[in-house]
Amino acid sequence: MNDAVNLTMGDDGIVVATMDLPGRTMNVVGDVLMAGIAAAAERLAEADAKGLILTSAKSDFCAGGDLDRMWAWTKPEQAFEASMAMKQVLRRLETLGKPVVAAINGHALGGGLEIALACHARFALDDARLKIGQPEVKLGLLPGGGGTVRLSRLLGIQQALQICGEGAELSPQKALGLGLLQALAKDREELMAQCRTWIAANPKAQQPWDAPKFRFPGGDSRAPAVVQMWSIAPSIASAKSHGNYPAVQHIMSAIFEGGLLGFDAASEVESRYFAACAMSPVSKNMIGTLWFQLNALKKGASRPKLGASGPAASKVQKLGILGAGMMGAGIAYVSAKAGIEVVLLDTTQAAADKGKAYSQSLLDQAVKRGRSTAEKRDALLARITPTTAYADLAGCDLVIEAVFEDRDVKAGVTRQAEAVLGAGAVFASNTSTLPITGLAQASVRPAHFIGLHFFSPVDKMPLVEIIVGAETSDATLAKGFDYVLQIGKTPIVVNDSRGFYTSRVFGTYVMEGIAMLKEGVHPRSIEVAGLKAGMPMPPLALQDEVSLSLSLHVAEQTKKDLAAEGKVYEEHPGMAVVRQLCEIGRFGKKVGQGFYDYADDDKQLWPELARLYPVAAQQPEQRELIDRLMFAQANEAARCFEEGVLRSVADANIGSIFGWGFAPFHGGALQFINAMGAPAFVARSRELVTRFGPRFESAAVVARQAWEGGCFSDA
Ligand code: NAD
């Protein structure tokens, strides 16, 4: 008896195999679960068993591979053997000559879907939150449990490529439409009944690929239509991935080669590519950061500890938002969506109403697309109260100000709000540039003052950067942290400093690209280098989005502040270009002209850039441009770590990927240095210093690692 899969058999001879991995909240594929499924197959092989329903006792069906186990693999043989062992069990299950049906009661992802694919039929609960798919590619992996092999034989090669290559997570409705499921059920009872009916109707079920006359739907890899698809698929994929994600290529290879081979040979080929992915530095980077570090943050690694002496878990019931502009309106939406009562305040009722209307427009769209209902929309909207009256803030647990980026305006609203707030309430600023400690001077209780830095657009961006001012208390930090989790975002916690963490490091990327322009690098080469480096947007286009005037304003403000502190402001060489373009009114996208000219939905690099910044006859190699863009960011992140702006490596890595899109395959700005190794980072930085100046001087913490050994670690 295996306690990971409980087996029961009714009078009808149907074995119900219920996955329930002990000690875990979810079912994950590893030796224990697979041993349970193997035992289920053996039970089915016995004479009295007529069929088998595979389901789960947990809220998910099966969430995927056990990443703890994969993380421990050091040799490709381990990955290959584990993958082949899983396949052996699934192959036995589907070739017993008796019907096996998956009753999908929750997420069936990765290995979970692969188990379901080894069943002869699949039924799922009709619940839009339930996800079905092969998301392995998002962690640099490929489905290693037969996913590429069975999907291409069930749905056709093109569909398999799309599902595995994009890592999409499908709703049951979508999966049904694709033919991945037989039918949907309204509840568990109906789900089990559908499975039983199917078994009764298909006593000798066989997989399509085991039928003697099996043909791939749409043809195998040699079929003319498929050949045509293969002639363009690699270039489409590399236009998106720029060759930075080996898993994308390996998925294509596994499906292409599998499309020329028999089932067993295709399975073995898939396992070899799986092993290559599992051992790749990219998957190590991505699993380390986007799985382990992300989970640690979500579990509260950066929150002051709960417990006898630490702050208790909190929930915001009523939230005040000051300023119903772009950010305030977005914060209102995500908070009301999480069930929080929101008071949205602005200087005029019209402005406050406009802020609420933003939620209305998002929700109307969601209803139109079938992603929400009119009732849900109305209930959410009813939670947002637009107002101009500060008295309405009474009873708020948290107030977030998102008024103009102006110290005096912010000080004014802080005082007015605090006058009506209770003693325990927290006041947060969504400032993007003004140090929190300074803003807290307007507060009569600076221990309750904190920075909650959202990113635009708020409903899409997953990160909130929490900024701890000099006087912010642990209890305030804990409340801010709990609120960020309450609205379903990922919190990182940083100490107060100019530009905090994300804006400060992000700025080095953009400025480095702009500096290249001044040196005579062709603008298009700069942009291509940004994309090849794996950044979501190239530097010049990004500066246009942010607006040149905003960057100039921040630079001027910084210069003034530093002068007041008796410090010298060292201007980045890129800033001269920003100033020059601002002087001629090229402020960026918002005015239709910056580094690019904007017309309708189209944009073109401004041709006159070449006259202002003549293109040098000798152009640098792309590798050098990429290194400059990435080293500038990684090194600035290391400086933030050294200065104590960053409090953990996880905050640094997750903040960089979720905050400004730092190339995810590197696993974050500090993991970039870890993966390269400090000695190599320092050596390359030295070369960049001689060519481009002292801004590439390695942060002392990295130089020390290079001498003494060690790397960035939270352990
Ligand atoms: P916005 O101009 O769109 O909105 C500001 C709103 O504040 C306006 O509706 C204005 O009427 C209101 N307001 C001004 N003075 C007020 C007062 N005294 N009382 C009440 N309401 C008042 O600006 P935004 O882009 O939403 O930015 C707001 C804040 O968020 C700024 O501090 C900004 O730096 C920060 N921020 C912006 C972004 C971004 O991408 N736009 C990102 C992160 C943080």
- Across (1) open to solvent by 10 Å² or more (accessible area, probe 1.4 Å); (2) touching a residue at least 60 places away in the same chain (Cβ under 8 Å); (3) part of a helix (DSSP H, G or I), GLY644 clears everything bar (3)
- In the list ALA637, ALA680, ALA675, which residue meets the criterion of being over 26 Å from GLU465 (Cβ atoms) and either outside any loop (DSSP other than H, G, I, E, B) or of a type outside the set (A, V, I, L, M) (or both)? ALA680
- Message: Looking only at region 361-372, filter to residues that are touching a helix residue (DSSP H, G or I) at 6+ places or on another chain (Cβ under 8 Å) and more than 20 Å from ILE340 (Cβ to Cβ); which one of those is surrounded by the fewest Cβ atoms within 10 Å (Cβ to Cβ)?
- Response: ASP364
- Query: Can we say LEU562 is among the hydrophobic types (A, V, I, L, M, F, W, C) and open to solvent by less than 30 Å² (accessible area, probe 1.4 Å)?
  - Reply: yes
- Message: It is to be established whether one or more residues within region 230-249 are under 30 Å from ALA102 (Cα atoms), assigned to a helix (DSSP H, G or I) and open to solvent by 20 Å² or more (accessible area, probe 1.4 Å).
- Response: yes
- Query: What are the residues in region 683-715 that are polar (S, T, N, Q) and without any contact (Cβ under 8 Å) to a residue 12 or more places away in the chain, if any?
  - Reply: THR690
- When every residue in region 157-203 that is assigned to a helix (DSSP H, G or I) and of a type in the set (S, T, N, Q) is compared, the one farthest from the chain's Cα centre (by Cα) is THR197
- Those residues of region 599-634 that are part of a strand (DSSP E or B) and open to solvent by 50 Å² or more (accessible area, probe 1.4 Å) come to a total of 4
- Is it the case that GLN162 is touching a Pro at 6+ places or on another chain (Cβ under 8 Å) and either without any contact (Cβ under 8 Å) to a residue 40 or more places away in the chain or open to solvent by 10 Å² or more (accessible area, probe 1.4 Å) (or both)? no
- Query: In region 434-490, which residues are of a type in the set (Lys, Arg) and over 23 Å from LEU421 (Cα atoms)?
  - Reply: LYS460, LYS489
- Note on the structure: When every residue in region 339-361 that is over 18 Å from GLY395 (Cα atoms) and of a type in the set (Gly, Ala, Ser) is compared, the one nearest to the chain's Cα centre (by Cα) is SER359
- Task: List every residue pair whose Cβ atoms lie under 8 Å apart, where the two residues are 6 or more positions apart in sequence or sit on different chains, the first residue falls within region 201-222 and is modelled with pLDDT of 95 or more, and the second residue, located anywhere, is aromatic (Phe, Trp, Tyr) and assigned to a helix (DSSP H, G or I).
- Result: TRP209/PHE263; ASP210/PHE263; SER221/TRP230; SER221/PHE256
- Item | strands (runs of 3 or more DSSP E) within region 424-482 that include 1 or more residues away from the ligand (no atom under 16 Å from the Cβ), open to solvent by less than 10 Å² (accessible area, probe 1.4 Å) and modelled with pLDDT of 95 or more | 426-429
- Task: Scan region 359-411 for residues that are part of a helix (DSSP H, G or I), within 16 Å of the ligand (Cβ to nearest atom) and of a type in the set (Asp, Glu) and jot them down.
- Result: ASP392, ASP408
- Message: If I ask for residues that are in a strand (DSSP E or B) and surrounded by 23 or more Cβ atoms within 10 Å (Cβ to Cβ), which ones from region 117-140 would you list?
- Response: ARG122, PHE123, ALA124, ILE132, GLY133
- Query: Any chance region 476-487 includes a residue that's without any contact (Cβ under 8 Å) to a residue 60 or more places away in the chain and touching a helix residue (DSSP H, G or I) at 6+ places or on another chain (Cβ under 7 Å)?
  - Reply: yes
- Query: For the subset of region 315-328 comprising residues that are part of a loop (DSSP other than H, G, I, E, B) and buried (at least 19 other Cβ atoms within 10 Å of the Cβ), which member is farthest from the ligand (Cβ to nearest atom)?
  - Reply: VAL316
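Here's the yes/no breakdown for (1) within 16 Å of the ligand (Cβ to nearest atom); (2) crowded, with 16+ Cβ neighbours inside 10 Å; (3) assigned to a strand (DSSP E or B):
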site	(1), (2), (3)
TYR273	no, yes, no
CYS277	no, yes, no
TRP291	no, yes, no
ALA313	no, no, no
GLY330	yes, yes, no
- Note on PHE658: of the conditions (1) touching a strand residue (DSSP E or B) at 6+ places or on another chain (Cβ under 7 Å); (2) surrounded by fewer than 24 Cβ atoms within 10 Å (Cβ to Cβ), unmet is (2)
- Going through region 332-351 in order, the residues found to be more than 22 Å from SER432 (Cβ to Cβ), open to solvent by less than 40 Å² (accessible area, probe 1.4 Å) and within 15 Å of the ligand (Cβ to nearest atom) are VAL343
- Query: Which residues, counting only those in region 412-423, are among the hydrophobic types (A, V, I, L, M, F, W, C), open to solvent by less than 40 Å² (accessible area, probe 1.4 Å) and more than 9 Å from the ligand (Cβ to nearest atom)?
  - Reply: ALA417, LEU421
- Message: Of the residues ALA301, ALA308, ALA296, only one is more than 15 Å from the ligand (Cβ to nearest atom), in a loop (DSSP other than H, G, I, E, B) and surrounded by 15 or more Cβ atoms within 10 Å (Cβ to Cβ); which?
- Response: ALA301
- Task: Could you tell me which numbered condition VAL546 fails, if it satisfies all but one of (1) at pLDDT below 95; (2) open to solvent by less than 10 Å² (accessible area, probe 1.4 Å)?
- Result: (2)
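The values are calculated or read from the model by the stated rules, or taken from the named source; none is laboratory data. Computed from a predicted model, the values in this text were never measured in an experiment. With ideal geometry, Cβ positions are generated from the backbone for all residues, glycine too; neighbour counts draw on all protein chains shown. What goes into the accessible areas is simple: the full protein's heavy atoms, side chains included, and nothing from ligands, DNA or RNA. Shrake-Rupley method; radii C 1.70, N 1.55, O 1.52, S 1.80 Å.
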